[in-house]
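Encoded as structure tokens, the structure appears first; notes follow it.
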């Protein structure tokens, strides 16, 4: 059977990000898959030595803001950290977890203050025993005093312990799950990547986190059909549990 719907697929499909992001009103929209119930989380903030720290309902840091361009005086930026290493102690991770600079990023300019002629956004990614988990980014400004960190936004990074990273099905079997669902022939050229994803549910008023080892697959091109809305790249995508073989999400 072929499932139709609104597909929003971009080149960033296999880029890992957290399952939610903070909204301006203090809420977090969880991106939950078919078997989970959609709900919103409420973030809370506090200030430590002038740094605004935002946390989710599990009290995990999801962002740190050291300097608001266009609002704070530039002298405040000169006293900000020069690298993510200086603040990683605020996001403690157990053995087996690591945060790596991906080498990806972007350059930009800022016209609000003449001292801030350029900024760079650098992407970081968490790995657990070598398996990708979530990603985040850090914004830096180039100043006369050197490079300074203005904000860090996490996935959030998840402190993982004693998690089985050995898949029990292969990439080929994961692709077959998608093919069977769509009723098409499997194609081993479909991009398929292993990662650890966190899913959340609200149970008895509390948020409960679930970790799964999954394959993320970008499948075949969606057929030309007026009932299907294609945006960016018209391809099916799927998430398959690498331990159980369960098809968690299809879109």
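Each row is one residue, and each column tells you yes or no for (1) exposed (fewer than 11 other Cβ atoms within 10 Å of the Cβ); (2) at pLDDT 85 or above.
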{"site": "2", "(1), (2)": "no, no"}
{"site": "16", "(1), (2)": "no, no"}
{"site": "25", "(1), (2)": "yes, no"}
{"site": "32", "(1), (2)": "no, no"}
{"site": "37", "(1), (2)": "yes, no"}
{"site": "44", "(1), (2)": "no, yes"}
{"site": "47", "(1), (2)": "yes, yes"}
{"site": "57", "(1), (2)": "no, yes"}
**Report entry** Residue match in the stretch 60-67 (condition: at pLDDT 60 or above, closer than 26 Å to residue 193 by Cβ and in a loop (DSSP other than H, G, I, E, B))
**Finding:** yes
Query raised in the report: If you check 242, 138, 238, 174, which single one turns out to be touching a helix residue (DSSP H, G or I) at 6+ places or on another chain (Cβ under 8 Å) and at pLDDT 95 or above?
Result: 242
Requested in this report: Tell me, yes or no, whether the stretch 199-220 has at least one residue that is over 22 Å from the mean Cα position of the chain (by Cα), surrounded by fewer than 21 Cβ atoms within 10 Å (Cβ to Cβ) and assigned to a loop (DSSP other than H, G, I, E, B).
Outcome: yes
Report summary line: When residue 152 is run through (1) buried (at least 19 other Cβ atoms within 10 Å of the Cβ); (2) modelled with pLDDT under 95; (3) more than 30 Å from residue 85 (Cβ to Cβ), the failure sits at (3)
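The values are calculated or read from the model by the stated rules, or taken from the named source; none is laboratory data. Source: prediction; values computed, not measured. As a convention, Cβ positions derive from the backbone with ideal geometry for all residues, glycine included, and neighbour counts pool all protein chains shown.
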